[in-house]
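Structure first, commentary second.
The values are calculated or read from the model by the stated rules, or taken from the named source; none is laboratory data. Predicted model only: the values in this text are computed from it and were never measured. Neighbour counts are summed over all protein chains in view; Cβ atoms, including those assigned to glycine, are modelled from backbone coordinates with ideal geometry. Protein only, heavy atoms only, side chains kept; ligands, DNA and RNA dropped before computing areas. Shrake-Rupley method; radii C 1.70, N 1.55, O 1.52, S 1.80 Å.
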Amino acid sequence: MKKALGILGLLIFICVATAIMSDRFLTEYNVENLIRRSALFGILSIGAAFVIITAGIDLSIGSVVCLVGCILPWMLIECEFSVPIALLSITGISLGIGLTHGILITKVKLQPFVVTLCGLLFYRGLTRGIVQDQTQGFRGGFSELRELSQGQLSLPYTDFGIPNPCLILIAVAILAIILLNYTVYGRYMLALGRNETATRYSGINTDKITILAYVICGLLSGLGGMLFVLDVGSAQPVDFGNFYELYAIAGAVLGGCSLRGGEGTIIGVIIGAAVMQVLKNTITLVDAIPTNIEYAVIGAVILGGVITDELVKRLASRRRANLQAKQTD
Amino acid sequence: MTDSQPPLIEARGLTKRFAGVTALNQVSLAVDQGEVHAVIGENGAGKSTLMKILAGVQPQDEGAILINGEVVSLNSVERAMGHGIALIHQELNLADNLDVGSNIFLGREPTRLGLIDSRQIEAESEKFLEMVGLDISPKTLVGTLTIGVQQMIEIAKALSVNARVLIMDEPTSSLSQLETEELFRVIESLKSQGVTIIYISHRLFEIETIADRVTVLRDGENAGQLTRDQISHEAMVEMMVGRDISQFYARENHQIGETVLSIDRLRTLAWPRHEVNLEVKAGEMVGLAGLVGAGRSEMLRTVFGIDAAVSGSISVNGQKLKNHSCGEAIEMGIAMVPEDRKQEGLILDMGTKDNISLPGLSQNRVGGIFANARQEASDSDLMIKEMRIKTPGDSQPVRYLSGGNQQKVVIGKWLSMNPTVLLLDEPTRGVDIGAKQEIYRLMEGLAEKGVGILFASSEMEEVLSMSDRVIVMHEGCVTGELTREELSEEAIMHLATGGAGTQVKTAAKG
């Protein structure tokens, strides 16, 4: 929780600094858009967090976003599937992808990095093959479905509204918090991420739990992909969702997940994902920062975050050692 | 060797302490040039510590080491090597992705124009391979060779740095009969070339074959020395054992009931050629004795379903385990306190509460998926109180607790599950005396409640004083079973070093 407060401080600092430096930051349009983007990436980051907590990694998130993002309009427009069948299909695809990753990692005993790296390549290639590199869009239709991403819950007595993706994120987050902190499965994930051997010696089927984490990540990547394409309206198979896995992982790490496993809070991860989006927004809005160094700034901020985290940890352990030394005197 | 000549290597009054425990106390050892000098003793007698000091791995606290009568300081491996002393490790230290020649010259590669001179490596390597009787190309990948051949390469590597004294720590522990014979031939040939060998082994029969002299250690002290004509299995065992255990731990006798655990013709992955049969009754404490590597841990792990069984069956209260999984074993009432508590027993960054509740989490869940927080708290409170676990709070990571308290947490994990059978692997390793006594009391309390206890221990006192019955293993086999009446250190050591059962009977009577 302390970690989440630290990252929340960073988020507020960036927001305030940007608001001072640019008068376009606090406009209704910008804030709403920012919340929408943050929510979408937050969903992806929560998926990544589950995998990272079990000491794994998922590099295929962006390609799953691309696959789902292109296949959904393709099924609706080109194949003329009904909406429920299309939604069911993408759910099945995302679930199948997560299940496949989990089984390859636990039963075939392949490394998560390798499995999901192959996934990253495979799903993008597959998408481009299926849709023949053609941009897939809704052609102005399906506006009810697109409300899922574009709509908002207007707040009474104000001009503001909460974008729907944000509501979806809140629902996902609540479920994730319950799963991670209050169910036996979440406890098993935290335990196996820290020490798989001891968890196995406690009679827990660690394979099943690991597979569950990848399934969750697959499903949330699929949900993200759907919401992204509903928001934008069209998807180009060549670059839709490019690098999204890195934003998702960076958000999770910035939010307090350790790639060594066993650590992380959902709230922290959501704030981490928001920091990434606000930072991108800042670079666009603040004229003093040239847009072309965007990646350098993001990289530096993440690096700064993890260095600070490591230093704080060291300080805490030194303080503990001093305390113990005093007690033995 | 004439008496006027000093021994090649001599240790005088070596003492070494680890965190308050004296591992070596005034130990002396004298080894002449060109002899095979065996050093023997029970687990924990101080053999490895002595060898590590001689090889420069760790310094002594007191005492001196003399080479050719002159005091030397061996405070690093490089120094010891400089004096011609090389340790052949129990675990091989070869890079199996590199070829034989590269391994022999690792870290000392001859170069030409700044590049590795592989032609010279090849030529030089061949010389040393010949010394150990190996007819293989230096270009062979180490990973493709058998353990026996890899061991020879280790020796060749030591010879290549001009080692005059080779310390071999359990060199035959993973060798086949044929490979062992080959090793002995190489040792004989090295001996004839003036190389001195310090040989450590649990296998007394090997020592009868190969050693010129034997130094026996017991509890970190010299227990005696045997010359070539005095060496016999009985003489060695007699020197290794013999301590007073009446003061150690006085346990009560209690009611022993029906058989709770029966292991029938079990073959483990580690020793697939041997079958293990044994039974544990309710309220019975069965000690599992044997030397390090006898296959006790592997057997316990297999019973608990961590390792797959090759064949055979395990039953609890007459009911056979069907799919040999750890989850099933726990469901049937088997619990296990593993050997390595930090790796296998605990999640160090979690608190006492989370560690204790982990195995029962699924059983106690509410509403199908939720962890029962109230039960977790009350279980852990009970265990902390009952077992007197000293922790500042139940969420303090167990990493920061003492060894004894950590072990209590591991035991507490299983107590809240009310097991029928409790397996313990080295239950008191690395815990202080006070905590040891508490752990014994806990084990006794459980036995009194009717839990069947099977514990593997390398501490002779523990086995002798805690067991109703002792099962002794040697190289994957059960070599004998001793009732409380038949129990003696000699009897256990005989069986543990592969002595025949008949010898044991007479020794136990005598």
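Tabulated data for the structure shown
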read-out	value
Any chance A:Val51 is in contact (Cβ under 8 Å) with a residue 40 or more places away in the chain, surrounded by 24 or more Cβ atoms within 10 Å (Cβ to Cβ) and of a type in the set (A, V, I, L, M)	yes
Criterion (surrounded by 20 or more Cβ atoms within 10 Å (Cβ to Cβ) and among the β-branched types (Val, Ile, Thr)) met by exactly one of A:Ile267, A:Ile293, A:Ile249, A:Ile289	A:Ile249
Boolean, B:Arg112 is closer than 20 Å to B:Leu159 by Cβ, surrounded by fewer than 21 Cβ atoms within 10 Å (Cβ to Cβ) and not assigned by TED's automatic domain parsing to the domain that holds B:Thr209	no
All positions within segment B:473-510 that are at pLDDT 55 or above, open to solvent by 30 Å² or more (accessible area, probe 1.4 Å) and not in a loop (DSSP other than H, G, I, E, B)	B:His474, B:Cys477, B:Val478, B:Thr479, B:Glu481, B:Thr483, B:Glu490
Residue among A:Thr116, A:Thr100, A:Thr18, A:Thr91 that alone is touching an Asp or Glu at 6+ places or on another chain (Cβ under 8 Å), among the hydroxyl-bearing types (Ser, Thr, Tyr) and part of a helix (DSSP H, G or I)	A:Thr116
Matching residues in segment A:155-199 - criterion: being at positive phi and under 18 Å from the mean Cα position of the chain (by Cα)	none
Residues located in segment B:299-323, provided they are at positive phi and away from every other protein chain (no Cβ under 13 Å)	B:Gly312, B:Asn317, B:Gly318
Leading residue by the ranking (nearest to A:Ile178 (Cα to Cα)) among those in segment A:188-199 that are at the interface with another protein chain (Cβ under 7 Å from one of its Cβ atoms) and open to solvent by 30 Å² or more (accessible area, probe 1.4 Å)	A:Arg194
Selected residue [in contact with a Leu (Cβ under 6 Å, 6 or more places away or on another chain) and either at negative phi or within 14 Å of chain B (Cβ to nearest Cβ) (or both)] from A:Ser202, A:Ser234	A:Ser202
Selection from segment B:115-124 of residues that are open to solvent by less than 70 Å² (accessible area, probe 1.4 Å) and farther than 18 Å from B:Ala156 by Cα	B:Asp117
Residues of segment A:193-210 that turn out to be in a helix (DSSP H, G or I) and either within 15 Å of B:Gly327 (Cβ to Cβ) or in contact with a helix residue (DSSP H, G or I) (Cβ under 8 Å, 6 or more places away or on another chain) (or both), as a count	12
Which numbered condition B:Gln406 fails, given (1) within 9 Å of chain A (Cβ to nearest Cβ); (2) open to solvent by less than 20 Å² (accessible area, probe 1.4 Å); (3) not in a loop (DSSP other than H, G, I, E, B)	(1)
Residue pairs meeting the criteria (Cβ under 8 Å; at least 6 apart or on separate chains; first closer than 16 Å to A:Arg260 by Cβ, in segment A:304-317; second at pLDDT below 85)	A:Asp309/A:Lys3
Any hit, segment B:374-395, residues being closer than 16 Å to A:Gly186 by Cβ, open to solvent by 30 Å² or more (accessible area, probe 1.4 Å) and within 12 Å of chain A (Cβ to nearest Cβ)	no
Count of segment B:151-178 residues which are in a helix (DSSP H, G or I), under 22 Å from the mean Cα position of the chain (by Cα) and surrounded by fewer than 17 Cβ atoms within 10 Å (Cβ to Cβ)	1
Test result for A:Gly256, surrounded by 12 or more Cβ atoms within 10 Å (Cβ to Cβ) and in contact with a Lys or Arg (Cβ under 7 Å, 6 or more places away or on another chain)	yes
Enumeration of residues in segment B:335-353 that are among the acidic types (Asp, Glu) and more than 9 Å from every other protein chain (Cβ to nearest Cβ)	B:Glu339
Among the candidates A:Ile77, A:Ile71, residue that is surrounded by 24 or more Cβ atoms within 10 Å (Cβ to Cβ) and not charged (D, E, K, R)	A:Ile71
Flag for A:Gly92 being at pLDDT 95 or above, crowded, with 17+ Cβ neighbours inside 10 Å and closer than 30 Å to A:Ile35 by Cα	no
Criterion (at pLDDT 95 or above, in a loop (DSSP other than H, G, I, E, B) and farther than 18 Å from A:Ala252 by Cβ) met by exactly one of A:Phe122, A:Phe81	A:Phe81
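Matching residues to (1) buried (at least 20 other Cβ atoms within 10 Å of the Cβ); (2) more than 8 Å from chain A (Cβ to nearest Cβ); (3) more than 24 Å from B:Gly393 (Cα to Cα); (4) touching a residue at least 60 places away in the same chain (Cβ under 8 Å):
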site: B:Glu284; (1), (2), (3), (4): yes, yes, yes, yes
site: B:Ser297; (1), (2), (3), (4): yes, yes, yes, yes
site: B:Ser325; (1), (2), (3), (4): no, no, yes, no
site: B:Asn355; (1), (2), (3), (4): yes, yes, no, no
